[in-house]
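Peer 1: Mind looking over this structure? Questions follow.
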Amino acid sequence: MKLKSLFAQEGLRIVEKEPLARHTTLRVGGVADFFFAPENYFELLRGVTLAEEMGLPLTFLGGGSNLLVRDGGVRGLVVSLRAMRSFSREGDLLEAEAGAFVPEILSFCATCGLSGLEFLAGVPATIGGAVVMNAGAFGQEMKDVLTEVTVLENGAFRTFKVEELPFSYRSWGGPEKALVVKAKLRLFSSSPEEVRGKMSRFLAQRKHKQPLRQQTAGCVFKNPAEAPAGYLIEKAGLKGCVCGQAAISRKHANFIVNLGGARASEVLSLMDRAKEEVFKAFGIELSEEVRVVGEA
Ligand SMILES: Cc1cc2nc3c(=O)[nH]c(=O)nc-3n(C[C@H](O)[C@H](O)[C@H](O)COP(=O)(O)OP(=O)(O)OC[C@H]3O[C@@H](n4cnc5c(N)ncnc54)[C@H](O)[C@@H]3O)c2cc1C
């Protein structure tokens, strides 16, 4: 029986050949063979179990703000968490489903004077993606505010205390195939004015340095110990370098921008060029921060 009918029998909806460019901030890449956006834990568990029983490869998608999807698209089932987006507050604790959108959480925090997440102002992530990437800025990271992370792994839900996870720079270190479904964060009470003020200051710094109005996937490379990747790429003479409809940002050389209709192959070719030139000039190997998925 066809996969779509099997899912339909269980009351689950999947879409065939969904363009993934629609679901990433860089807006490039091919289609997902099958795309599934569960609305609750029951649907999520049923859908993921079905896919696993059928041996389909699974790819998880949050806000798509750190993802480069290759032009040939993604085989198997892409699971988007974006419809599981609720969050709630109890005192200084905030509990959020993986698909909760960080900008929405920040606007809630600004309204009720809850402080601790301001460093993520301007980051179009989901909580799940922010946990997995251990998103960070201005000297803070997700691990500093997390208390618990709940995952779905091998058909069962399991909750980790933050101390049980080996977080590091842009990595949560959790089980490789686990799907983050929920997180608890410890924030602290402040005033709406203070929280808003801090967010505005961070956002102003970002706007000054980063191409926030353009289509990007954030920083392309991790910062090596020696120097920031953007500095190295700029010093290697690549700021503004263009390939087709993709370009290394003139504002911040660690961002690649989609000028309109770029192909993933163009972005990848700029990434290769940056790695080559930085290695030639400084003997430093850049490693990707963006997650590259799919087939060429
Ligand atoms: C304008 C802009 C600014 C940015 N600024 C920053 C910054 O300051 N600091 C920073 O660290 N990053 C920054 N980023 C990058 C990006 O926002 C972060 O890496 C973010 O954590 C990615 O979250 P996401 O929900 O978009 O994840 P996605 O891009 O959808 O996914 C990223 C990875 O996590 C996996 N994943 C996503 N959700 C789950 C889940 N629930 N369970 C298991 N795996 C999952 C995906 O499979 C993928 O491997 C920026 C990006 C943009 C576009």
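The values are calculated or read from the model by the stated rules, or taken from the named source; none is laboratory data. Nothing here was measured: the structure is a model prediction, and the numbers come from that model. Cβ placement follows ideal geometry from the backbone for every residue including glycine, while neighbour counts extend to all protein chains displayed.
Peer 1: From the list Gln215, Gln205, which residue is within 16 Å of the ligand (Cβ to nearest atom) and surrounded by 15 or more Cβ atoms within 10 Å (Cβ to Cβ)?
Peer 2: Gln215
Peer 1: Another question about this same structure. Go through (1) out of contact with any Gly (no Cβ under 9 Å at 6 or more places or on another chain); (2) of a type in the set (S, T, N, Q); (3) surrounded by 15 or more Cβ atoms within 10 Å (Cβ to Cβ) one by one and return the number of the condition Asn223 breaks.
Peer 2: (1)
Peer 1: Would you mind stating whether Gly55 is more than 15 Å from the ligand (Cβ to nearest atom) and assigned to a loop (DSSP other than H, G, I, E, B)? Lay out the reasoning, then the answer.
Peer 2: Numbers: more than 15 Å from the ligand (Cβ to nearest atom): yes; assigned to a loop (DSSP other than H, G, I, E, B): yes.
In short, yes.
Peer 1: Could you please give the count of residues in segment 45-66 that are exposed (fewer than 15 other Cβ atoms within 10 Å of the Cβ) and among the small types (Gly, Ala, Ser)?
Peer 2: 1
Peer 1: Looking at Phe157, is it closer than 30 Å to Asp33 by Cβ, within 14 Å of the ligand (Cβ to nearest atom) and of a type in the set (Phe, Trp, Tyr)?
Peer 2: Working: closer than 30 Å to Asp33 by Cβ: yes; within 14 Å of the ligand (Cβ to nearest atom): yes; of a type in the set (Phe, Trp, Tyr): yes.
Here the answer is yes, as Phe157 does meet what is asked.
Peer 1: Another one. So, in segment 112-141, of the ones that are more than 8 Å from the ligand (Cβ to nearest atom) and part of a helix (DSSP H, G or I), which residue ends up nearest to Ala178 (Cα to Cα)?
Peer 2: Per the stated criteria, the residue is Glu118.
Peer 1: Which is buried (at least 16 other Cβ atoms within 10 Å of the Cβ), free of Cβ contacts under 8 Å to residues at least 24 places away in the same chain and not assigned by TED's automatic domain parsing to the domain that holds Val132, of Lys251, Lys239?
Peer 2: Values: Lys251 fails: free of Cβ contacts under 8 Å to residues at least 24 places away in the same chain.
Selected residue: Lys239, the only one of Lys251, Lys239 that is buried (at least 16 other Cβ atoms within 10 Å of the Cβ), free of Cβ contacts under 8 Å to residues at least 24 places away in the same chain and not assigned by TED's automatic domain parsing to the domain that holds Val132.
Peer 1: Follow-up. Given the conditions (1) among the aromatic types (Phe, Trp, Tyr); (2) farther than 30 Å from Glu295 by Cα; (3) near the ligand (Cβ under 9 Å from one of its atoms), which single one is not true for Phe101?
Peer 2: Among (1) among the aromatic types (Phe, Trp, Tyr); (2) farther than 30 Å from Glu295 by Cα; (3) near the ligand (Cβ under 9 Å from one of its atoms), Phe101 violates only (2).
Peer 1: Does Leu270 count as more than 22 Å from Ala135 (Cβ to Cβ), assigned to a helix (DSSP H, G or I) and touching a residue at least 24 places away in the same chain (Cβ under 8 Å)?
Peer 2: On the way: more than 22 Å from Ala135 (Cβ to Cβ): yes; assigned to a helix (DSSP H, G or I): yes; touching a residue at least 24 places away in the same chain (Cβ under 8 Å): yes.
In short, yes.
Peer 1: Looking at Phe42, is it outside the structural domain of Arg186 (by TED's automatic domain parsing), aromatic (Phe, Trp, Tyr) and in a helix (DSSP H, G or I)? Reasoning before the result, please.
Peer 2: On the way: outside the structural domain of Arg186 (by TED's automatic domain parsing): yes; aromatic (Phe, Trp, Tyr): yes; in a helix (DSSP H, G or I): yes.
Yes; evaluated as a whole, the condition is true for this residue.
Peer 1: What about Val69, is it surrounded by fewer than 23 Cβ atoms within 10 Å (Cβ to Cβ) and within 22 Å of Pro124 (Cα to Cα)? Give the steps one after another, and end with the answer.
Peer 2: Details: surrounded by fewer than 23 Cβ atoms within 10 Å (Cβ to Cβ): no; within 22 Å of Pro124 (Cα to Cα): yes.
For Val69, the condition - surrounded by fewer than 23 Cβ atoms within 10 Å (Cβ to Cβ) and within 22 Å of Pro124 (Cα to Cα) - is not met.
Peer 1: For segment 204-214, indicate whether the set of residues that are under 19 Å from Thr126 (Cβ atoms) and at pLDDT 95 or above is non-empty. Steps first, answer last, please.
Peer 2: From segment 204-214, those under 19 Å from Thr126 (Cβ atoms) are 206, 212; that's our starting set.
Within this subset, residues satisfying the condition of being at pLDDT 95 or above are 206, 212.
Looking through segment 204-214, at least one residue is under 19 Å from Thr126 (Cβ atoms) and at pLDDT 95 or above.
Peer 1: Let me ask something else. Could you pull out the residue among Gly122, Gly128, Gly136 that is surrounded by 17 or more Cβ atoms within 10 Å (Cβ to Cβ), closer than 22 Å to Val290 by Cβ and free of Cβ contacts under 8 Å to residues at least 60 places away in the same chain? Can you show your working first?
Peer 2: Details: Gly122 fails: free of Cβ contacts under 8 Å to residues at least 60 places away in the same chain; Gly128 fails: free of Cβ contacts under 8 Å to residues at least 60 places away in the same chain.
On inspection, the qualifying residue turns out to be Gly136.
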